[in-house]
Amino acid sequence: MIPKFFLTIASRLTLWYAGIFTISSGVVFVLFYFLASGMIQHQIDQDLLEKSNYFSTIIQRNGLAGARRFAVLEAQAAGEKMIFFRMLFPNGEVYASSHMSYWKNVSVSKTALDNLLQYKRHVFETINIGPAKLKARILYSFIAPDVVLQTGLAMQASARFLSAFQKVFTGAMAFVVLFSALAGWFMARKALSGVETIRRTAENITGLNLEARVPESGNQDEFDSLAHTFNQMLDRIEILVKSIREMSDNIAHDLKSPITRIRGFAEITLVHKQDMNEYRSMAASTIEEADRLLDMINSMLVISRADSGASDFIFEQVNLSSMIADACELFLPLAEDNGIAFKFDVAQDIVVHGDRRMLQRAFSNLVDNAIKFTPEGGQILIRLDVEADGYVHIRVEDNGMGIEEMDLDKIFERFYRADPSRTRTGSGLGLSLAKTIVKEHSGQIKVTSSKGNGSVFLITLPYGNLEVI
Ligand code: ADP
């Protein structure tokens, strides 16, 4: 199980930051170490070569005996623990040397001597002397045709440098790790503070409180745009939740009325013990109310299924002309009963691709509304034709009470009824259902109306140029 702390992005960023910082500092330190120790070794090699050259000069001037004396004196002057000189014959036999008690463990390297003889070029070696990891640099070189000088220099400077470097390295690396972890943690926390604000806002949002918003810094960085998008999403959710609340209030209200009425019929009939005819009329009223309820529930189902992209429309070739003419024939007596002149002008043989039942419902809703909202003496005009724009136009025009301008946008919303007194029957779902149906047929529904001057509802549907069945 990984502790929860290590699962946070801040801790992982800190680890990454500290890791990268530490590794790169380590690499820099190591490079620096090799560079510095290389330079020290180069300096030692130069010193050794200089000494060797000096021996060559002395041999030329003072012969081997001179060189022998010089070896002893030079080693004493520099410090016998610091340097030694050993003159050898090419077979490795020692001819003379400085005082060697400190260097007694240093032997003559056969390999180095062979290399020197073979390539006639000086040879360097680094060897360990003593327990304290002290090293010495050894040079084998010819100082006369048959005389080899083996000279060694204790690498004390190198050792001092190494130990000082180790101390500095340990201290510096401890600081780097600590500093980079702290800096990484601080930066990660700072960078992620926006996420934390969004998380806290999201935590405060409940079904009751949708008003919380993430403060936007306005500096247009990634967090600002995330906060902006998050706030926009919250705006949309707030509107959605409000509309769902309103809708459920409406549904509750609209379902309550018919049920209350049904209950009222039943109660009156029961209490007043009326005759058989009254029971029949109660049953008829109950059926009527139940049908209205069913119609409402069906409309809600059609709308919400279409909204969720799961509508179950059955598309086929529909002869719109005969469908509308038949519906008009049915509405005609109802309009006449209400003292409304009802005219229809239906072009022949217009066939569209659609769901017959649904198109019928959409059209009926418009005509039903026209009759409902047109007073006695008014007139209704229905027209079906294919217009110059290539679309089928279904026009339902009345000269009834009309609609206030401010209501025009809202009448297509679910449960919206512009009639404030709600004296007429209706659920406020008719136009919403009509709009859904028309949309499912890739068409449009529009209204033009003004209060007191009647209304024109226009459905346009794509005309498929289908042949008449
Ligand atoms: P309902 O008719 O059940 O109330 P609708 O969705 O069909 O619901 O209509 C919504 C509202 O639009 C109606 O309540 C009414 O106020 C208004 N409306 C619809 N058609 C007309 C019309 N032809 N004339 C005037 N008002 C209308």
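For the reader, a short list of remarks on this structure follows.
- Considered as a group, the residues in the range 444-455 that are out of contact with any Leu (no Cβ under 7 Å at 6 or more places or on another chain), of a type outside the set (V, I, T) and not in a loop (DSSP other than H, G, I, E, B) include one that is surrounded by the most Cβ atoms within 10 Å (Cβ to Cβ), and that residue is S455.
- Complete set of residues in the range 99-131 that are open to solvent by 20 Å² or more (accessible area, probe 1.4 Å), more than 22 Å from Q43 (Cα to Cα) and of a type in the set (A, V, I, L, M): M100, V108, L117
Yes/no per residue for (1) part of a strand (DSSP E or B); (2) more than 10 Å from the ligand (Cβ to nearest atom); (3) open to solvent by less than 50 Å² (accessible area, probe 1.4 Å); (4) of a type in the set (V, I, T):
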{"residue": "R414", "(1), (2), (3), (4)": "no, no, no, no"}
{"residue": "S427", "(1), (2), (3), (4)": "no, no, yes, no"}
{"residue": "L431", "(1), (2), (3), (4)": "no, no, yes, no"}
{"residue": "S442", "(1), (2), (3), (4)": "no, yes, no, no"}
{"residue": "F457", "(1), (2), (3), (4)": "yes, no, yes, no"}
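- For beta carbons closer than 9 Å, sequence separation of 6+ or different chains, a first residue in the range 435-459 that is closer than 12 Å to E397 by Cβ and a second that is away from the ligand (no atom under 11 Å from the Cβ) and in a helix (DSSP H, G or I), the qualifying pairs are S449/E405.
- Flag if R357 is more than 16 Å from the ligand (Cβ to nearest atom) and either within 16 Å of F315 (Cα to Cα) or assigned to a helix (DSSP H, G or I) (or both): yes
- A418 meets all of the listed conditions (1) in a loop (DSSP other than H, G, I, E, B); (2) within 10 Å of the ligand (Cβ to nearest atom); (3) within 25 Å of P333 (Cα to Cα) but one, namely (3).
- Conditions (1) within 9 Å of the ligand (Cβ to nearest atom); (2) buried (at least 19 other Cβ atoms within 10 Å of the Cβ); number of the one not met by V392: (1)
- Just one of (1) modelled with pLDDT of 85 or more; (2) open to solvent by less than 70 Å² (accessible area, probe 1.4 Å); (3) farther than 30 Å from I297 by Cβ fails for A202. It is (1).
- Unmet criterion (only one of (1) within 12 Å of the ligand (Cβ to nearest atom); (2) farther than 24 Å from K343 by Cα; (3) of a type outside the set (S, T, Y); (4) in contact with a Phe, Trp or Tyr (Cβ under 7 Å, 6 or more places away or on another chain)) for G400: (2)
- Any chance A310 is of a type outside the set (S, T, N, Q) and in a helix (DSSP H, G or I): no
- Of all residues in the range 373-389 being open to solvent by 30 Å² or more (accessible area, probe 1.4 Å) and in a loop (DSSP other than H, G, I, E, B), the one that is nearest to the ligand (Cβ to nearest atom): F373
- Some residue of the range 293-300 being under 52 Å from the mean Cα position of the chain (by Cα), among the acidic types (D, E), outside any loop (DSSP other than H, G, I, E, B) and outside the structural domain of I394 (by TED's automatic domain parsing): yes
- When the range 444-455 is filtered for residues that are among the hydrophobic types (A, V, I, L, M, F, W, C) and within 8 Å of the ligand (Cβ to nearest atom), only V447 remains.
The values are calculated or read from the model by the stated rules, or taken from the named source; none is laboratory data. A quick note: this is a predicted structure, and the numbers were derived from the prediction, not measured. Using ideal geometry, Cβ is built from the backbone for each residue, glycine included, and neighbour counts are taken over all protein chains shown. SASA here: full protein model, heavy atoms, side chains in, ligands and nucleic acids out. Shrake-Rupley method; radii C 1.70, N 1.55, O 1.52, S 1.80 Å.
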